[in-house]
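The values are calculated or read from the model by the stated rules, or taken from the named source; none is laboratory data. Computed from a predicted structure; not experimentally measured. For neighbour counting, all protein chains shown are included, and Cβ atoms are generated from backbone atoms with ideal geometry for every residue, glycine included. For accessibility, only protein heavy atoms count, side chains too; no ligands or nucleic acids. Shrake-Rupley method; radii C 1.70, N 1.55, O 1.52, S 1.80 Å.
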Amino acid sequence: MPRTAYIHSKDYADLVSRLPSNIDRSKKVHALIDAYGLLRLRDLTIISPRKATLKALCRFHSRDYIEFLNKAESYDSGEDSDEDNGSNDESDNPHNTRTSTHTKEDKLEDYGLRFDCSVFEGLADYAAYVAGSTLEAATLLCDDSFDITIHWDGGRHHARKDAAAGFCIVNDIILGIMELQKVFDRVLYLDLDVHHGDGVESAFQLTDKVLTVSIHHFAEGFYPGTGSGTSASARTKAAVNLPMKAGLSDGTLNKVFNEMIEPLVEQFSPDAIVLQCGVDGMAGDPLGKWNLTLTGYSDCLKKIMAWKKPLLVLGGGGYNTVSTARCYAYLTSQILGRTISDEIPEHAYFEDYQPDFLLFIDPGRQTDNNTEEHLSHVRRLVETQSKTLASSR
């Protein structure tokens, strides 16, 4: 049985549940996992969340962005900040940067804190704790204290060095991988989110020590619009994208994993693995375009665990809250080698699981457009992208 740590506290779940794109999700995820009795098992060690320091956050993020997060709530509320109180005529200065006085809306937009990443109460603490908790999970692997660490509230793969993006305020994944690199020479990052893991790929595209693999939906107008598998920079050393079409099913995901992803992993031979397990590809997700169920994600996880490498498991997308809770509860049970009932246990959010009150969901009726012809196309893309990987060894 793998030594397993689980990052969680009630106060942390309350904080993370304020994220506007995932209101109350964290509370419901951990409540269901707890209702199944998994958090009380001797095989699982609960680890308190950690708040990242400014220095730790700035290992990747720019200092001005992190400092702005601390005053973003006052900008959003209309309060004056110290920067706004001085007189500063910018009209004659063509070289002004974002540190110059702008309107409050402009500054928020400069840092990606409008629209999909709107400001909320506790924003700065949220960023520091999400990043710090993934750093803690990575440190526990580096120390050989655990074989697997779970942080379902992490996995924010879109955030940029100096801006929020795609519901992601901080890129805890990048910071976690950087922490792992202190001990592990080669790190595999595997992204199962329906959206391309663009932020993480961009951060590590020039190194051959981190292989980023992203399987995601790719179509015109679908966020973030990257990850075609054909547009990598000539300098990219270890990034492989598998662009999939609408309706991806459990069977197709399993085929892609076996035939395309596993050979990549064997070729790269990682010393540690980071799994971003966004579940917005589940059937019925309001933002996803796929048709996956708990079984599809579980099959991938079991294959990854069979590689017996230090494993950091993170969350990610998932905008049908109870489906996300179902999936993360089931994946937690799989990591712990426990069988849990298909009947949702009584707990504070029990009524949210009506009408059937069951753990497993049925696939939808969406057609899987990932035909054999398309899979052959993706296979050729993988072969082309992995040539740079082979030449880097």
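The heavy atoms of Thr384 present about 80 square angstrom of accessible area, all protein chains included, probe 1.4 Å.
Across the accessible surface of the chain, with the other protein chains kept in place and a 1.4 Å probe, carbon and sulfur atoms take up 46 percent.
Seen through its C-alpha gyration tensor, with square-root eigenvalues sorted a ≥ b ≥ c, the stretch 186-273 comes out oblate because a/c lies at 1.5 or above while a/b is not bigger than b/c.
Relative contact order of the stretch 147-239, please, whole-number percent, based on alpha carbon pairs below 8 angstrom and at least 6 residues apart. Numbers along the way, then the final one.
Details: 137 pairs, mean separation 21.8, N = 93.
RCO, the stretch 147-239: 23 percent.
Bridgeable lysines around Lys255 (alpha carbons under 18 Å apart, same-chain partners fewer than 8 residues away excluded): Lys245, Lys302, Lys303. Which of the lysines could a cross-linker bridge to Lys10, judged by Cα under 22 Å and excluding same-chain residues fewer than eight apart? The reachable lysines, counting only those whose Cα sits under 22 Å from Lys10, are Lys27, Lys28, Lys51. The dipole here belongs to the chain: it is taken about the Cα centre, uses +1 on the Cβ of Lys and Arg and -1 on the Cβ of Asp and Glu, and is about 1600 debye. Counting other C-beta atoms within 10 Å, and keeping those with at most 11, which DSSP coil trypsin sites (Lys or Arg not before Pro) do you find in the stretch 137-218? Loop-located and lightly packed - Lys182. Roughly what % of DSSP beta bridges within the chain run antiparallel, to the nearest 5? Here the share of antiparallel DSSP bridges comes out near 5 percent. Shape annotation for the stretch 294-393: C-alpha extents along the principal axes are 54, 36, 21 Å, from largest to smallest.
Contact order for the chain, expressed relative to its length and based on alpha carbon pairs under 8 Å spaced 6+ residues apart, stands at 19 percent.
Based on DSSP loop calls and a cut-off of at most 14 other Cβ atoms within 10 Å, the longest stretch of the chain free of exposed GluC sites (Glu not before Pro) is what? Mind dumping the intermediate values first?
Details: sites that count: Glu79, Glu90, Glu121, Glu220, Glu346.
So the longest stretch without any such site is 221-345.
The alpha-carbon of Lys182 sits under 14 angstrom from the alpha-carbons of these aspartates and glutamates, leaving out residues fewer than 8 places away in its chain: Glu136, Asp143, Asp144, Asp271. Whole Å is fine, so just give me how far the alpha carbon centre of the stretch 1-61 lies from that of the stretch 208-273. With the stretch 1-61 and the stretch 208-273 each reduced to a Cα centre, they are spaced 27 Å. Considering only Pro263, Gln181, Gly132, and ranking their Cα positions along the charge dipole of the chain that arises from unit charges at the beta-carbon of Lys, Arg, Asp and Glu, the one farthest toward the positive end is Pro263.
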